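The values are calculated or read from the model by the stated rules, or taken from the named source; none is laboratory data. Model, not experiment: these values are computed from the prediction. FYI the Cβ positions are ideal-geometry reconstructions off the backbone, even for glycines, and counts take in every protein chain you see. Just so you know, the surface numbers come from the protein's heavy atoms only, side chains and all, with ligands and any DNA or RNA stripped out. Shrake-Rupley method; radii C 1.70, N 1.55, O 1.52, S 1.80 Å.
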Amino acid sequence: MDYEAFLAMKLDGLHAEGRYRVFAELERKAGSFPTAARYDGHGSADPTGQVTVWCSNDYLGMGQNAKVIAAMHQALDAFGAGAGGTRNISGTNHSHVLLERELADLHGKEAALLFTSGYVSNWTTLSTLGASIPDCVIISDAGNHASMIEGIRHSKAEKRIFRHNDWADLDRILSEYGPERPKIVAFESVYSMDGDITPLRQIVEVCEKNGAMTYLDEVHAVGMYGPRGGGIAEREGLMDRIDIIEGTLGKAFGVVGGYITGSAKLVDFIRSFASGFIFTTALPPHVAVGALASIRHLKWSNAERLAQRERVAKVRARLNSIGIPLIPNDSHIVPVMVGDAAKCKWISDLLLDRHGIYVQPINYPTVPKKTERLRITPTPLHSDADIDRLVGALSELWSQCALARAVA
């Protein structure tokens, strides 16, 4: 087999469909978020210009927060750079233990466990539970993230899929299994591509009625919702009725890493049996300290959340006023619907090259074909002038692309 020819053919197919992914090479500047320096991607030593980032998952700008940065500097000076090993072999630092306690408190659980990313925490936990619990069936929301899908697949447990956010369909599927059959229901609180929020209370009630364990991914909600940033489950007063709450440190908390929270026995089980935890080098201590500072700040400060919601409302109102089609939702995510892979990338490229605005195109397989979009995430630090430039540029390019506008 000509391996290189095969690889080239597959890559050429992505180019032909307009789905080839180009990574913008950026350099974040402390104190100037959401502005970043842009490089040409061809090895240039100097940036080619400045861009305004409109698609960051640093939803509240906590990656630039003075408390977080100061805590990480202090930790680097005190502890050095790396953890020194896996959690099992010399890598469990005091900062990891403090952070896990803080996360357990945030979600009202007995214990928490850190992972290197939210992808790893989902993949590891679901695959370990599904493979370990005899005759387990996992029922997964149709809109779940790839990390959950891969974890379930790797577990080799029986898998069922319920219609997205449809608690009645979930009830129908669960009712096919007797009370003695182990069941795990995996779902998210905020879905990142459409920005929709799950009907959490109804899902939880259906799971309780059918004796199913609940696994809730709150990665796009932690820090963002609830009085202390505990997510949608905290906002709805349902944390105590959910078995496992999974989250990330890499979005609203502004650092990197993933985690699960739950009962002491459940967390100890994953700690003891999950290869994705056991054989991975621990997070650097300064990262854990930065996350700790971010979580503690957002437990008591609502200013960032309120400012972010005001910016989201303003962006939505301005785009609606000029007929740019959006998916309506109650979250902080603003999906601008293009519906064509090539045009989606073309608009993204021109926003970047002509207007200094960076919004990554979202194409298949992240979203279904013909639902390609620009996913905009306003932050508290986007100014009125930033919004003016974004709205004006999108209006101009929408007309150039001859795309339909929404009717008010």
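Miscellaneous remarks
- For the stretch 359-391, the set of residues classified as of a type in the set (S, T, N, Q) and closer than 22 Å to Ala252 by Cα consists of Gln360, Thr366, Thr377, Thr379, Ser383, listed by residue number.
- Within the stretch 245-255, not a single residue is among the β-branched types (Val, Ile, Thr), surrounded by fewer than 24 Cβ atoms within 10 Å (Cβ to Cβ) and touching a helix residue (DSSP H, G or I) at 6+ places or on another chain (Cβ under 9 Å).
- Residue among Ser140, Ser121, Ser127 that is part of a helix (DSSP H, G or I), of a type in the set (Gly, Ala, Ser) and touching a strand residue (DSSP E or B) at 6+ places or on another chain (Cβ under 7 Å): Ser121
- When Arg309 is tested against (1) of a type outside the set (Asp, Glu); (2) crowded, with 22+ Cβ neighbours inside 10 Å; (3) under 18 Å from the mean Cα position of the chain (by Cα), only condition (2) is not met.
- Against the list (1) among the polar types (S, T, N, Q); (2) touching a residue at least 40 places away in the same chain (Cβ under 8 Å); (3) under 23 Å from Gly85 (Cα atoms), the condition Ser272 fails is (2).
- Answer residue from the stretch 1-26, given it is open to solvent by 70 Å² or more (accessible area, probe 1.4 Å) and not in a helix (DSSP H, G or I) and is farthest from Trp54 (Cα to Cα) among those: Met1
- The stretch 124-183, subset free of Cβ contacts under 8 Å to residues at least 40 places away in the same chain and touching an Asp or Glu at 6+ places or on another chain (Cβ under 7 Å), residue most open to solvent (accessible area, probe 1.4 Å): Arg163
- Scope the stretch 170-189; condition of a type in the set (Gly, Ala, Ser) and at pLDDT below 95; matching residues: Gly178
Here's the yes/no breakdown for (1) surrounded by 20 or more Cβ atoms within 10 Å (Cβ to Cβ); (2) on the phi > 0 side of the Ramachandran plot:
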residue	(1), (2)
Lys370	no, yes
Leu374	yes, no
His382	yes, no
Ile387	no, no
Ala393	no, no
Ala404	no, no
Val407	no, no
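- Options Glu246, Glu236; residue that is within 19 Å of the chain's Cα centre (by Cα), within 27 Å of Pro378 (Cα to Cα) and acidic (Asp, Glu): Glu246
- Only one of Pro380, Pro365 that is assigned to a loop (DSSP other than H, G, I, E, B) and closer than 17 Å to Pro34 by Cα: Pro380
- Scanning the stretch 82-97 for residues that are under 24 Å from the mean Cα position of the chain (by Cα) and open to solvent by 50 Å² or more (accessible area, probe 1.4 Å) yields a total of 0.
- Exactly one residue out of Gly237, Gly195, Gly211, Gly229 is assigned to a loop (DSSP other than H, G, I, E, B), over 20 Å from His145 (Cα atoms) and open to solvent by less than 10 Å² (accessible area, probe 1.4 Å), and it is Gly229.
- Members of the stretch 77-99 that are farther than 12 Å from Thr280 by Cα, among the aliphatic types (A, V, I, L, M) and touching a Pro at 6+ places or on another chain (Cβ under 9 Å): Ala78, Ala81
- Residue within the stretch 323-330 that is under 19 Å from the mean Cα position of the chain (by Cα), part of a strand (DSSP E or B) and modelled with pLDDT of 90 or more present: no
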